Amino acid sequence: MASSSSSLFSSTTQNHTASSLPLQGLYADQGMVKPLAATVVVLLAVVLSYVQKLGLGGEMVYSIARAFVQLSIIGFVLQFIFTRDNAIWIVLAYMFMVSVAGYTAGQRAKHVPRGKYVAGASILVGTSITMFLLIVLNIFPFTPRYIIPVAGMMVGNAMTVTGVTMKRLRDDIRTQMNLVETALALGATPRQATLQQVKRALVISLSPVLDNAKTVGLISLPGAMTGLIMGGASPLEAIQLQIVVMNFLIGASTISSILSTYLCWPAFFTKAYQLETKVFSTE
């Protein structure tokens, strides 16, 4: 399996390199002219926001400007890392992505104590396990050009799922405090008392990931597959790579979300197995 995967992606790399030159020239000749020209669509959205009195025009402009700056910077950073082809840079880039993802997911679950650390640890464990398997199985070459983009997709999905899980779990326990406290009074452990809340939070957070897997290719073509096709790879090669990526996305998201529920419990309960009421006192 490992050898066949290596040959597949080695072949994809060769085809991509050979056939993507026209695509590179399409943008290299004009620099940022075409990306800037594409902002006309955002201006249309701003006008519609103004006409409909949505009050989102300023946020739209800020969002696209921030995305433009961030992507421009990361483009130069990735160019630097790719030319170095060093494992240290891969690890540093991965840890940076996990740190940002942990902070962002923690912001979503802002009422969970130490939420940023809980989210960061959950994302780190979930994605590192899947990345380790990816490397051991030799599915991708251990080079920045492959590992960093795949790691970014895994971390991004794990970030979204973990943030939703933590927020939903805390909110559900808050709305059902009487049921949880009754279960605790009858001798249930924190896990037993919040089993239904945990299940609900996990189902809600993981459902979009599973729905995306069910409809992939039918409604939209995923980013990895689209990038390969636009770069010149054959659709069959792009599909094989996308299946691999989708499998690892589901694995990383599931591990991260489940782990986050375990790491939340110490903040939700006292040592005497009682609800920490101050955690649930705010909206």
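Values for this structure:
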{"quantity": "Given (1) among the hydrophobic types (A, V, I, L, M, F, W, C); (2) open to solvent by 50 Å² or more (accessible area, probe 1.4 Å); (3) within 19 Å of Phe140 (Cβ to Cβ); (4) touching a residue at least 40 places away in the same chain (Cβ under 8 Å), index of the condition Leu241 fails", "calculated": "(2)"}
{"quantity": "Residues (β-branched (Val, Ile, Thr) and over 23 Å from the mean Cα position of the chain (by Cα)) located in the range 185-215", "calculated": "Thr189, Thr194"}
{"quantity": "Flag if Ser260 is crowded, with 20+ Cβ neighbours inside 10 Å, of a type in the set (Ser, Thr, Tyr) and not in a loop (DSSP other than H, G, I, E, B)", "calculated": "yes"}
{"quantity": "Failed item, numbered, when Leu218 is tested on (1) assigned to a helix (DSSP H, G or I); (2) under 25 Å from the mean Cα position of the chain (by Cα)", "calculated": "(1)"}
{"quantity": "Filter pass, Arg170 being assigned to a helix (DSSP H, G or I), modelled with pLDDT under 95 and surrounded by fewer than 20 Cβ atoms within 10 Å (Cβ to Cβ)", "calculated": "no"}
{"quantity": "Residue that is farthest from Ser256 (Cα to Cα), among those in the range 184-233 that are at pLDDT below 80 and among the small types (Gly, Ala, Ser)", "calculated": "Gly232"}
{"quantity": "Meets criteria (under 20 Å from the mean Cα position of the chain (by Cα) and either of a type outside the set (Lys, Arg) or not in a loop (DSSP other than H, G, I, E, B) (or both)) for Val180", "calculated": "no"}
{"quantity": "Failed condition for Lys214, given (1) open to solvent by 30 Å² or more (accessible area, probe 1.4 Å); (2) charged (D, E, K, R); (3) touching a residue at least 40 places away in the same chain (Cβ under 8 Å)", "calculated": "(3)"}
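Every residue, every condition in (1) open to solvent by less than 70 Å² (accessible area, probe 1.4 Å); (2) modelled with pLDDT of 80 or more; (3) in a helix (DSSP H, G or I), yes or no:
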position: Gln14; (1), (2), (3): no, no, yes
position: Leu26; (1), (2), (3): no, no, yes
position: Leu36; (1), (2), (3): no, no, yes
position: Ser49; (1), (2), (3): yes, yes, yes
position: Ala67; (1), (2), (3): yes, yes, yes
position: Phe80; (1), (2), (3): no, yes, yes
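The values are calculated or read from the model by the stated rules, or taken from the named source; none is laboratory data. Please read all numbers here as calculations on a predicted model, not as lab measurements. Cβ atoms come from the backbone with ideal geometry, glycine included; neighbour counts cover every protein chain shown. Ligands, DNA and RNA are stripped out before the accessible areas are found, and what is left, the full protein with its side chains, is counted by its heavy atoms. Shrake-Rupley method; radii C 1.70, N 1.55, O 1.52, S 1.80 Å.
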